[in-house]
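Here is the structure we will look at.
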Amino acid sequence: MDKHGSLGDDGKGLGKLTMKDPYSKTKLPSKHVRGYIDLLRPFTLLAPFIVSMSIIVASLVYNNVAVPSDWWVTVGNASLTLALVNAASNILNQATDWKGDSISKPYRPIPRGVIKPDEAQSLAYILYLFALLRAVTVNVWFGFFVFLIMIFTVTYSLPPRMKQYLFLNQVWIAIPRGFLGILAGWSVFGDPLQREPLIIGTIAMLFFIGGMSTKDIVDSEADKTTGIHTLINTFGVKKAALISFPFMFFPFVFIPALINIGFLESYLWPLTLLAFLSCFIFYLMAKGDTESKTLENIHAWSIMYVEYIFFALGFAFLTIFAGILNLPTLL
């Protein structure tokens, strides 16, 4: 077993089950096709798909929109589009950062020689174009937000390559995945400039600004070698965790205050409980969380994505069933 928890290249069994398994274990599909699948990083696509679907349905109910007979087609189309944009950004990042991946993530398809960098970059551009064409068929607002998300994700990996700048690299991820992603989902059936999506999107963005530190722990030395400055390789893990914690914790703690001043609906107070999960992420970072044997990063990184999914699902559930839940007020 290697340092990434993979069996040797001569391993038998069910074939290549995780990204960290050697490509020699690939049975079906072919090694090259499996390389394309790994480029997508399927686990990270769950968040944009589930989150966008939750926000879209919540906006449909909140705005009391007359439900069209094919509403589920629109929801599926928009959610898949946002997931495709995320997939394109995953691929572009690997195509432009393969030298760093050769150090910290040598199991990825480009460092292993299964896919060439220029081949991956071409695939990323195709997916970006396909996603944009799909987006404009939903509505103008949705197409606009998808285009903005693309701008942020492209400039993160390509010049001016915001990935290399301390703290800005976290903000540059948080804006499209948190703020713009929420607005895009809400715009499918609602007005994205309503107070609710703006506040929920801001909470998600602030959470991501802190939470994205988790992804840089494994890449610390590789980032330093390739000239990328992160909180982790600049201040160390424990100080980076302390800097990141307020962004993950206080957006949820302030939800009751936002309710009290009338900025959020009173039934959303249970979302405050997610602050406890943020505390657990901070604890894992501070104590020296280790890399998962199957997923691509530390356990805190996985939990960070799960918390984001819980946030969106919780918001959607509370919004959809607010009339029948009759939750007690917190204040």
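Conditions tested, residue by residue: (1) closer than 30 Å to Lys16 by Cβ; (2) assigned to a helix (DSSP H, G or I); (3) not polar (S, T, N, Q).
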site	(1), (2), (3)
Thr214	yes, yes, no
Glu221	yes, yes, yes
Ala241	no, yes, yes
Ser244	no, yes, no
Phe247	no, yes, yes
Leu277	no, yes, yes
Lys293	yes, no, yes
Single residue of region 145-190 satisfying the filter (part of a helix (DSSP H, G or I) and free of Cβ contacts under 8 Å to residues at least 24 places away in the same chain) that is surrounded by the most Cβ atoms within 10 Å (Cβ to Cβ): Trp172
When region 69-84 is checked residue by residue, the ones that are touching a Ser or Thr at 6+ places or on another chain (Cβ under 6 Å) and either open to solvent by 70 Å² or more (accessible area, probe 1.4 Å) or of a type in the set (A, V, I, L, M, F, W, C) (or both) are Leu82
Six or more apart or on different chains, Cβ atoms under 8 Å: show the pairs whose first residue is in region 205-226 and farther than 14 Å from Ser102 by Cβ and hydrophobic (A, V, I, L, M, F, W, C) and whose second is part of a loop (DSSP other than H, G, I, E, B) and open to solvent by less than 40 Å² (accessible area, probe 1.4 Å). Ile217/Asp289; Ile217/Asn297
Which numbered condition trips up Asp216, out of (1) open to solvent by 50 Å² or more (accessible area, probe 1.4 Å); (2) under 15 Å from Gly288 (Cα atoms)? (1)
Matching residues in region 279-294 - criterion: being closer than 23 Å to Pro106 by Cα and open to solvent by 30 Å² or more (accessible area, probe 1.4 Å): Gly288, Thr290, Glu291, Lys293, Thr294
Hey, can you tell me all the residues within region 290-308 that are farther than 26 Å from Ile182 by Cβ and modelled with pLDDT of 95 or more? none
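Hey, among Ala95, Ala66, Ala87, Ala58, which residue is part of a helix (DSSP H, G or I) and either under 16 Å from Phe142 (Cβ atoms) or open to solvent by 10 Å² or more (accessible area, probe 1.4 Å) (or both)?
Values: Ala95 fails: either under 16 Å from Phe142 (Cβ atoms) or open to solvent by 10 Å² or more (accessible area, probe 1.4 Å) (or both); Ala66 fails: part of a helix (DSSP H, G or I); Ala87 fails: either under 16 Å from Phe142 (Cβ atoms) or open to solvent by 10 Å² or more (accessible area, probe 1.4 Å) (or both).
Only one candidate passes the filter, namely Ala58.
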For Ile243, indicate whether it is among the hydrophobic types (A, V, I, L, M, F, W, C), in contact with a Ser or Thr (Cβ under 8 Å, 6 or more places away or on another chain), within 30 Å of Pro160 (Cβ to Cβ) and surrounded by fewer than 19 Cβ atoms within 10 Å (Cβ to Cβ). yes
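Among the residues of region 191-212, which ones are among the charged types (D, E, K, R) and assigned to a helix (DSSP H, G or I)?
Passing the criteria: Arg195, Glu196.
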Among the residues of region 226-239 satisfying the criterion of being out of contact with any helix residue (DSSP H, G or I) (no Cβ under 6 Å at 6 or more places or on another chain) and part of a helix (DSSP H, G or I), which is least open to solvent (accessible area, probe 1.4 Å)? Val237
Got at least one residue in region 13-28 being at pLDDT 80 or above and exposed (fewer than 13 other Cβ atoms within 10 Å of the Cβ)? no
I need the full set of residues from region 295-311 which are in a helix (DSSP H, G or I) and either under 21 Å from Arg41 (Cα atoms) or open to solvent by 40 Å² or more (accessible area, probe 1.4 Å) (or both), in order please. His299, Ala300, Trp301, Ser302, Ile303, Met304, Tyr305, Val306, Glu307, Tyr308, Ile309, Phe310
Subset tally (residues that are in a helix (DSSP H, G or I) and either open to solvent by less than 10 Å² (accessible area, probe 1.4 Å) or not charged (D, E, K, R) (or both)) for region 102-137: 20
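The values are calculated or read from the model by the stated rules, or taken from the named source; none is laboratory data. No experiment lies behind these values; they were computed from the predicted model shown. Methodologically, a virtual Cβ is constructed for each residue, glycine included, from the backbone with ideal geometry; neighbour enumeration extends over all protein chains shown. The protein model used for the area step is the full one, side chains on, heavy atoms only, and it has no ligands, DNA or RNA in it. Shrake-Rupley method; radii C 1.70, N 1.55, O 1.52, S 1.80 Å.
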